[in-house]
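No lab work stands behind these numbers, since they all come straight from the coordinates. These figures come from a predicted structure and were not determined experimentally. All Cβ positions, even for glycine, are placed from backbone atoms using ideal geometry, and neighbour counts span all protein chains on display.
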């Protein structure tokens, strides 16, 4: 039995808590800490059978019964909580991004290393049935030598401006997942990145210095090329497609739909809508990633997504942000 | 809180028990009864947290704490357990088919009616995301007046001969689901049925007097026509397609796949396999049907699939069996 | 160079004439005969470069320069023209159905045989890129032993009542193509046929003694089963799907569309319409079948669709018509 | 009747000649000129009924009966032949690219303008049923304000090195079509282009100073972003997909296949191969573009693809070539 503490009972924290309670065996969620603790959170916690609720994450770190911590608090707290958790000897699952301050991330990773605790970063899409299939096909050599990776990643609608203001910007908030996907699918590291970014969806997004639409191209260390296209608005739903083209073929995945229906009328054939957003689309993947984390603890193996993976994606995001600002390609190893 | 007793801890009984434990709220599975109780069953029951395990269904009927019974025992016991449960004042969820002896089914339904308990029959496919979409589109008038219903229903492989010998035959064991689907999708009753049946998969199936392949056509009371094609062997997986064609269009559903991948090579484009069989394909639908049953108890409403639905499907199956034997169309109201 | 005469300049006759002129080499269409010759026909003929136009088919038969005749006149004239053409030593391409009077068809085939001329019947769908692929996959053993053949065949809209009155009825006019397809895909002969037919599209069709909707099941000599569903109205276009299921897999074809577009909006994904009707759908196949006929003449080989094929489809259609009328299965060898 | 002369009887010249002879009315191909005239060309010309064959394009220019010239000679001769044809008062259809020397192209366009002859450039993909649908949907506002255009364009296999050496390089030979497509689909002009290019398919291509794989991103004058991915090798066939994403939806087209077949086996579902290369894929489009050219002459309207379109694509190609060489984004108006 692995005992967990959860820090941060926002949207994603709740997803993980509910998955732990209902879908993962050999694990107990003992304590939930949220700095903005209120009655809503308390009621929700009790409704899923969690009794220990606190506004002090320290209670989790000092509890000798707790083996591991899930960090689901706001992004700017991640590095600090990783450091505290590692010092307390707890294994760590940290939501993406692993942080925004590169030096502090490196410091945190060093402490994690020294303390010998496990650290997994929440790049949930690696656990998706579709993208995993692309990865596996590439790895198994089904497309031969890989040439190109293509990622389409569009949100159904922009988040609230208040969220965007503290999100770290498009590349740290949204593309960070795609940068990890690019590394995951290519099996290589991003060497250089170039960005064409724009404000096309909502001028207010531009006014806070962010972008809502971007095309990001990459050159990888293994010679491959890659492209990501991002948009904060896709009225038809959450568009999540990946593709790798190589010397012996091409593997690609389409979007998921609620059902396979086709309605044939005099206007054409209407297929079902896409899943609306990430909670629906990556619902099973969220459970799978936590299972993998628990398994790594139980079996004392390395988690499938590490702190280094977290850092590398941040480095590429930083390079992308600079490229968008300066209008030129940026080498990642110069970050 | 609704308290349940489960009779029959075979394959399907286990599916329901595990769904109750992990996926349905406001319900407790108190007791499991299986006439062939053994250590395997006991261990499994304990592993999912059930303590009361017995070989005597009577313990369930006599337990005043138990509100409802799930009948998952062998088909030939269904009518008798329904009668006993109803007499004990328990609500009843009964796996398909509701029975094989038409007079006894009618007797059981009368007792259910008199005792005022709820009875739901396990036609799980009505709760499937795909077939439900077809049903809803027809009901909402999206295809206008319906003309034709088409059902493709093929198993990946035949069950063991020992199972087939006591299964009641193709029409009671396999097509029974499709007969219910035909009623569900057409919104009407089968008036006449004609069967072309054959033994093409395995001669041993013929030797025990059964068929493994059949095409069944139906004329409905509302004038519609319908066709089911069945086969006990589809090497590519569980083939479950439905379609209704009408005056303003046609609604159809394709099979589910594990993922949306396409591998393009010099041989063509290879898409993922179908789901293998009903436990995978109707996994969510099994949970949904039990939730509906529990909801009907809690809200004191009529279950979405009734004892009459159970009986009607049996009457069509009986007509089909006679048609296959006698080589002529059979009117269902003559059964 | 093969010289042709065309009898009957109606819709299908014009299709063949235009294909000969524009798409088939080593062939000349010398004369067009139509009993209802008028100025429209003359103008059309001249527009495609045909100078000899007559209302007397005899001119074709007596012309020693003409090698072969295309019979595209009304169905009730087919047998007689076949006989006259064969007696005149001309090779014959005859539109479907080969005739309606079974004795007269047999007489015609005997004369064709005695005169040693070639006879091809216009079952154009055998030359379609989709259905041919199904046939080839079955023949090459890609699905193992075939179990079931399924044909969906629906017209976009019913023909005019005046046409229907002289069409010979649903089974001779429409299903005749599907009966040939059933033979072509199964590689076997229909042994028994059963029909559930109805009038659902237009009561006027029922008033002239015909049906507009039908499900036809078949048992084949090789043990296979088959089903055809027909409807005179499919508002979404010409629905032409075929499928064969067997011991090692299933081969099926979808409908053709004008393009591969998908429009994703908040209502779902809208794909392009189907092709509207047979002139669009089988446009290339019409040219292919004539090329095959010309090739058979030039190379002195047997045409790919023979008079026997024409007769067999008529026998099955006759059995189907009786089944629909009498409400029982009919053996084809009793016709 | 429009009379044509053809210059250059290579692969693409033959395609046009055969389309004119067999598929386009009101037009006569009077003379074929090829500087490398040989017996093969003569025999081919006679086989399609062309009697005048010469090695001197001047015979075409000086022939008062000839209304228009098709320039299908090697790319480096295009501007000069345009100039000569315009001076001779002939309308001009010129294969892509319109040329490689930007100043000379501008000179040629000026002469065309002064002489009042029509000039159409062979961007055949605008006449394709798929890409045209994307264009039309964007233009009709079906996706709202366009944000992004994506073009996937991969050849099945690299051309011979001898061809590549004189091809002008990837961007002038292959991407030129995609640059025109980007302008056509976006309805705007490329403002800036950035290229990540590589040699992944064949080192020999790198040795002659060319690339075989590239990702090209673009910023358009209307604010849209765009991306093209190119590869000289796609073992699964000619990959030609386009997509435009906008405020109200996304329109995309898939590749064409030879038929719609699906073979379901225990390995998955195998769909048909893609069409192999441009002669198959754009077969109908080649005929459509010539018809449009002939129509523009007959009706005295502007051709659907003009000399300006030819020039603009060349300017973007030039910018792309510089970007690939210098590793930075290039503004097209600085070319």
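Scanning the range B:156-187 for residues that are assigned to a loop (DSSP other than H, G, I, E, B) and either out of contact with any helix residue (DSSP H, G or I) (no Cβ under 9 Å at 6 or more places or on another chain) or over 23 Å from residue B:315 (Cβ atoms) (or both) returns B:156, B:157, B:158, B:159, B:160, B:174.
When the residues of the range C:126-150 are narrowed to those that are assigned to a helix (DSSP H, G or I) and over 17 Å from the mean Cα position of the chain (by Cα), which ends up farthest from the other protein chains (Cβ to nearest Cβ)? Here the answer is C:139.
Yes/no matrix, rows are residues, columns are (1) within 11 Å of another protein chain (Cβ to nearest Cβ); (2) in contact (Cβ under 8 Å) with a residue 24 or more places away in the chain:
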| site | (1), (2) |
| --- | --- |
| A:152 | yes, yes |
| A:163 | no, no |
| A:183 | no, yes |
| A:187 | no, yes |
| A:221 | no, yes |
| A:238 | no, yes |
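When residue A:212 is tested against (1) in contact (Cβ under 8 Å) with a residue 60 or more places away in the chain; (2) buried (at least 22 other Cβ atoms within 10 Å of the Cβ), only condition (1) is not met. Screening residue B:240 on (1) outside any loop (DSSP other than H, G, I, E, B); (2) within 30 Å of residue A:242 (Cβ to Cβ); (3) out of contact with any strand residue (DSSP E or B) (no Cβ under 8 Å at 6 or more places or on another chain) shows it passes everything except condition (3). Is there a residue being more than 22 Å from residue C:163 (Cα to Cα) and either part of a loop (DSSP other than H, G, I, E, B) or touching a helix residue (DSSP H, G or I) at 6+ places or on another chain (Cβ under 6 Å) (or both) anywhere in the range C:10-17? So far as the range C:10-17 goes, no, none of its residues is more than 22 Å from residue C:163 (Cα to Cα) and either part of a loop (DSSP other than H, G, I, E, B) or touching a helix residue (DSSP H, G or I) at 6+ places or on another chain (Cβ under 6 Å) (or both).
In the range C:222-230, the count of residues that are farther than 21 Å from residue C:313 by Cα, part of a loop (DSSP other than H, G, I, E, B) and out of contact with any helix residue (DSSP H, G or I) (no Cβ under 6 Å at 6 or more places or on another chain) is zero.
Just for the range A:283-315: of the residues that are part of a loop (DSSP other than H, G, I, E, B) and under 19 Å from the mean Cα position of the chain (by Cα), which one is surrounded by the most Cβ atoms within 10 Å (Cβ to Cβ)?
Only one residue tops the list, namely A:305.
The condition of being within 14 Å of chain D (Cβ to nearest Cβ) and surrounded by fewer than 21 Cβ atoms within 10 Å (Cβ to Cβ) holds for only one of B:254, B:318, B:280, that being B:254. Just the residues that are touching a helix residue (DSSP H, G or I) at 6+ places or on another chain (Cβ under 7 Å) and either over 20 Å from residue C:81 (Cα atoms) or assigned to a helix (DSSP H, G or I) (or both), please, taken from the range C:27-43. Answer for the range C:27-43, where residues must be touching a helix residue (DSSP H, G or I) at 6+ places or on another chain (Cβ under 7 Å) and either over 20 Å from residue C:81 (Cα atoms) or assigned to a helix (DSSP H, G or I) (or both): just C:27.
In this structure, is residue B:145 surrounded by fewer than 18 Cβ atoms within 10 Å (Cβ to Cβ) and touching a residue at least 60 places away in the same chain (Cβ under 8 Å)? For residue B:145, the condition - surrounded by fewer than 18 Cβ atoms within 10 Å (Cβ to Cβ) and touching a residue at least 60 places away in the same chain (Cβ under 8 Å) - is met. When D:112, D:121 are checked against the criterion of being buried (at least 18 other Cβ atoms within 10 Å of the Cβ), within 25 Å of residue D:4 (Cα to Cα) and over 17 Å from the mean Cα position of the chain (by Cα), D:112 stands alone in meeting it. Residues of the range C:45-64 that are part of a helix (DSSP H, G or I), more than 21 Å from residue C:77 (Cβ to Cβ) and either touching a residue at least 24 places away in the same chain (Cβ under 8 Å) or in contact with a strand residue (DSSP E or B) (Cβ under 9 Å, 6 or more places away or on another chain) (or both): C:46 alone.
Among the residues of the range D:89-125, how many are part of a helix (DSSP H, G or I) and either at positive phi or within 14 Å of another protein chain (Cβ to nearest Cβ) (or both)?
Filtering the range D:89-125 for residues part of a helix (DSSP H, G or I) gives D:102-115, D:124-125.
Applying the additional criterion that residues be either at positive phi or within 14 Å of another protein chain (Cβ to nearest Cβ) (or both) yields D:125.
Residues that pass the stated criteria total 1.
When you check residue D:267 against the structure, is it within 27 Å of residue C:134 (Cβ to Cβ), within 14 Å of chain B (Cβ to nearest Cβ) and free of Cβ contacts under 8 Å to residues at least 12 places away in the same chain, yes or no? Taking the combined requirement at face value, the residue satisfies it.
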